[in-house]
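Remarks on the structure that follows.
The values are calculated or read from the model by the stated rules, or taken from the named source; none is laboratory data. Bear in mind that the values here come from a model prediction, so they are computed numbers and not experimental data. Because the Cβ atoms are built from the backbone with ideal geometry, glycine has one as well, and the counts that use them run over all protein chains shown.
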Amino acid sequence: MAWFYNILSKHSMRDQEAVDFRGHQWIDVQDPSVEEMQALSTKYKLDDHLVRDCMEPDHLPKYDFVDNVHFLILRFYAPEARKSNTTIQELTNKIAIFFTESFVITIHKSACDFLEVLKHKFIHTPSCSSVAALIIKIAWYALESFDDPAYKLSEHIDVYEKELLLKKTVSDHMQHLYDIKRQASISQKIIMMMLEPINHIGITEQDRPAYQDLKDQHLKMQTLYHQALEDVTNLLNLSMSISSHKTNEVVKVLTLFSVFFMPLTFIVGVYGMNFQFMPELREKWGYPGVLALMVLVSLVIFIWFRKKKWL
């Protein structure tokens with residue numbers, strides 16, 4: 001009995017080495033043309049609606065079961081994703097899986113390194129004892145692809161937190177923090193959506209330990225991104241608080257100056273009107289008297305501020 005896997009490129013289909021494994025067939029398709037998908041659909045009696053779903057590069061994780069064929073869509077973290085990427089399409093790639101007890105078809109537009117690992121290593125091991133074991137392993141690797149990005153996000157958050165609290169201005173980091181929040185939020189949503197297809201993987205008693213490991217991996221990724229999202233949200237709130245505090249300090253200083261100078265401006269305005277019957281204008285003590293009044297008013301305001309603990 002043999003387990004075959006074939007590689008379909010965009011322009012050609014070529015058979016690869018056969019591996020002994022319970023008479024099943026694994027076909028891995030990268031960036032297939034419409035004609036190739038039609039040929040696969042006809043040969044393996046795949047539902048047209050599911051074929052359309054698997055050809056959509058932006059489709060979210062899902063599970064379906066039509067005509068005795070299981071259909072999964074999973075997403076894995078794109079190796080080429082950059083810090084500035086903040087959409088599902090930029091951060092993740094899709095992998096669609098059709099499977100029954102006799103065949104597995106994996107379809108993906110971008111290169112998928114962990115599938116190559118599975119082809120050349122995992123299916124030769126005793127732990128790959130069923131189709132479900134292979135599907136579990138594919139899902140595990142898809143989740144594993146989110147691991148390093150999660151730790152990198154946490155490291156970036158720690159760096160920005162230190163710089164924010166120690167020396168850097170808030171405006172320098174707001175855009176970066178927003179990008180981190182978007183990445184963490186998108187990854188967390190994708191991981192949550194992957195729970196449904198994971199829950200629908202039919203397993204045997206022999207596959208139960210591997211399936212439990214998959215569930216643990218899902219919980220781990222969910223926890224990592226929940227923590228990253230919570231940390232960056234708190235840091236954004238802290239950034240806004242620091243920004244508001246600095247604004248309040250500026251407003252406070254300006255308010256203090258205005259409160260001191262408002263009565264002084266009033267006094268100067270009164271004596272600047274130059275009415276004829278203003279006795280103080282002709283008195284010798286008029287000028288120093290007004291200056292003394294202005295000093296007294298400023299002193300009273302200062303004492304009042306200190307009493308209120310505004311200074």
Does at least one position in segment 244-263 carry a residue that is touching a residue at least 24 places away in the same chain (Cβ under 8 Å), in the same structural domain as A132 (by TED's automatic domain parsing) and of a type in the set (F, W, Y)? no
Just give me the residues in segment 70-101 being in contact with a Ser or Thr (Cβ under 6 Å, 6 or more places away or on another chain) and either of a type in the set (D, E, K, R) or over 20 Å from L115 (Cβ atoms) (or both), in sequence order. R75
Name the single residue that is farthest from E163 (Cα to Cα) among those in segment 238-297 being basic (K, R) and in a helix (DSSP H, G or I). K252
Check off (1) at pLDDT 85 or above; (2) of a type in the set (A, V, I, L, M, F, W, C); (3) over 23 Å from K94 (Cα atoms) for L166 and give me the number that stays unchecked. (1)
Selection from segment 277-311 of residues that are of a type in the set (F, W, Y) and either within 17 Å of F257 (Cβ to Cβ) or surrounded by 11 or more Cβ atoms within 10 Å (Cβ to Cβ) (or both): Y287, F302, W304, F305, W310
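Determine, yes or no, whether L74 is farther than 20 Å from A133 by Cβ and modelled with pLDDT of 85 or more. Spell out the reasoning first.
Details: farther than 20 Å from A133 by Cβ: no; modelled with pLDDT of 85 or more: yes.
No: the conditions fail for L74.
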Go over the candidates V117, V159 one by one and state the one that is over 19 Å from T92 (Cα atoms) and in contact (Cβ under 8 Å) with a residue 12 or more places away in the chain. V117
Checked pairs for segment 61-74, first farther than 12 Å from T106 by Cβ, second surrounded by 14 or more Cβ atoms within 10 Å (Cβ to Cβ) and basic (K, R), C-beta under 8 Å and 6 or more apart or across chains, list as P61/R75
Go through segment 91-105 and give me each residue that's closer than 23 Å to I186 by Cβ and in contact (Cβ under 8 Å) with a residue 60 or more places away in the chain. L91, T92
